[in-house]
1. List the GluC sites (Glu not before Pro) within segment 121-151 that fall in a DSSP loop (any state other than H, G, I, E or B) and whose Cβ has at most 16 other Cβ atoms within 10 Å.
2. Near the amide H of PHE338, under 5 Å away, which other amide H atoms are found, from residues 5 or more places off or on another chain, if H is placed in the peptide plane?
3. How many angstrom lie between the Cα centre of segment 302-344 and the Cα centre of segment 95-124?
4. Which GluC sites (Glu not before Pro) does segment 318-410 hold that lie in a coil by DSSP with at most 12 other beta carbons within 10 Å?
5. Give LYS158/LYS284; LYS166/LYS284; LYS138/LYS390; LYS138/LYS257; LYS133/LYS197 a once-over and call out the pairs whose C-alpha atoms are over 19 Å from each other.
6. Hey, got a sec? Which trypsin sites (Lys or Arg not before Pro) in segment 129-216 land in a DSSP loop and have at most 15 other Cβ atoms within 10 Å?
7. Counting only protein heavy atoms and using a 1.4 Å probe, what share of the accessible area of segment 298-400 belongs to carbon plus sulfur, as a whole percent?
Amino acid sequence: MDQDLRKRLCFADGRRKVDYVLVYHYRKRSSVRGSPSQHRLSIISNGSYPLGVEEKDQEGGKDEPAEVVVDVGPPDPADGEKIMIREEFEGNLRDAGLEIEHDKENKAHGHAFIRLHAPWQVLSREAEFLKIKVPTKKSYELREEKGLAANMNEVWRKLNQPFQPKVPHQEQEHSRTKFLSHCFSRDKLHLYNIKSKDTFFDNATRSRIVYEILRRTACTRTCQTMGITTLIANGVYDSAFPLHDGDFHPSGQAEGKNDRQLLHDEWARYGAFYKYQPVDLIRKYFGEKIGLYFAWLGVYTQLLIPASVVGIIVFFYGWATVETNIPSQEMCDEDQNFTMCPLCDRACDYWHLSTACGTARASHLFDNPATVFFAIFMSLWAAMFLEHWKRRQISLNYSWDLTGMEEEEEHPRPKYETILLQKRQRKKKNKKNKNEVGRLYLPFFMCFMHYAFH
């Protein structure tokens, strides 16, 4: 199982990790397997059979079947152009330092995968360029709380223990020993706690670095394009994505699970709805921006619980007082026989007020004297939610070493960025067509205006 997983996540040598995958569709010329003499008739009819092959096979005495390529038609010029663009783009990626491994194209047509690996030289260079913060060897100890606050925190921790996700390394992340972080620099490698160059940068950071290289690599010789997004929009590649850390199905104890399996068991499962989110593990697997988003979503959902409880109380108050509501009683009393005017001039008839009894009762469930209290409560709730999220965000920024970082534009995945680009192109085309239609009808409109006023 481990060897099969290593084979899927690594190159053929089993050592270099796959950091990114490019996918494209290929189509080869059709081929016929077997001895050339068996397919001589069909090949001669196409006029592409080399006459010297059969004599060479007879002289060599080899009976092994050979693969004969048959030209079934002229190749598509667009496919040849895409092949040239891919060759130039992959050559530029090699010049940037990435290592590339291709799949063998065994079928006549289908999808082929290109695996990319970023060695240590590329990771260190790009991490310095992107100013990625990494932990250093220097550490410090958090001050231990004492007195009443420490006792209250201990009681609260024990009460929350059943709702905490079972993440093995979560206790280490919440330990009192913290390491200082600093922007990576190749000149200061002695400051960082580098146990292994292969695992020093996590998977999210490696994928981010490779994507930055893919985004800024250009093809200037075959076509004037910049980045993997434009190539996907032009159909040169079908998709580009990083790989997960293996399968998400459980495989034994929690200590032997990878991060994806832990996230599936303790977070992305209906059975774990009552547990807190493993925000630190989400940040480690998906990155800081995704981690902050789910942290905000968790705070918002958590604070909606008291708001929903108050709303349910207000609803039940309206349900309990609907029988004593005077407007509802008057509208539902058929003995009073209030006759109302028609709702329209000709087609409508007179109607009785008692027919709106159900609507009056239903409106009282949501519009009663307790609704005023609920409106005031929600105003205070909104202010409390904003302040609570500010405190939570500052705490996460400090824990994840996000303080002092500049806000960067979040680039969508190439596939969805391509969809947005195609929508913009269609919008421009429609606008151009409308302008052409307007210019076409403009002379007729001018002639009409001339004859109308003269």
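The values are calculated or read from the model by the stated rules, or taken from the named source; none is laboratory data. Just so we're clear, the structure is a prediction, and the values are computed from it rather than from any experiment. As a convention, Cβ positions derive from the backbone with ideal geometry for all residues, glycine included, and neighbour counts pool all protein chains shown. Remember, those area values only see protein heavy atoms, side chains included, never the ligands or the DNA or RNA. Shrake-Rupley method; radii C 1.70, N 1.55, O 1.52, S 1.80 Å.
1. Working: sites: GLU126, GLU128, GLU141, GLU144, GLU145; in loops: GLU144, GLU145.
Within segment 121-151, the qualifying GluC sites (Glu not before Pro) (loop, at most 16 other Cβ atoms within 10 Å) are GLU144, GLU145.
2. Close amide H contacts, sequence-distant or interchain: LEU353, SER354.
3. With segment 302-344 and segment 95-124 each reduced to a Cα centre, they are spaced 67 Å.
4. Working: sites: GLU323, GLU330, GLU334, GLU387, GLU406, GLU407, GLU408, GLU409, GLU410; in loops: GLU323, GLU334, GLU406, GLU407, GLU408, GLU409, GLU410.
Answer by residue number: GLU323, GLU334, GLU406, GLU407, GLU408, GLU409, GLU410.
5. On the way: LYS158/LYS284 26 Å; LYS166/LYS284 16 Å; LYS138/LYS390 29 Å; LYS138/LYS257 30 Å; LYS133/LYS197 16 Å.
Result: LYS158/LYS284; LYS138/LYS390; LYS138/LYS257 exceed 19 Å.
6. In loop regions of segment 129-216 (DSSP not H, G, I, E or B), the sparsely surrounded trypsin sites (Lys or Arg not before Pro) are LYS131, ARG143, LYS146, LYS166, ARG176, LYS195, LYS197.
7. Values: 4860 of 7450 Å².
Ligands and nucleic acids excluded, carbon and sulfur give 65 percent.
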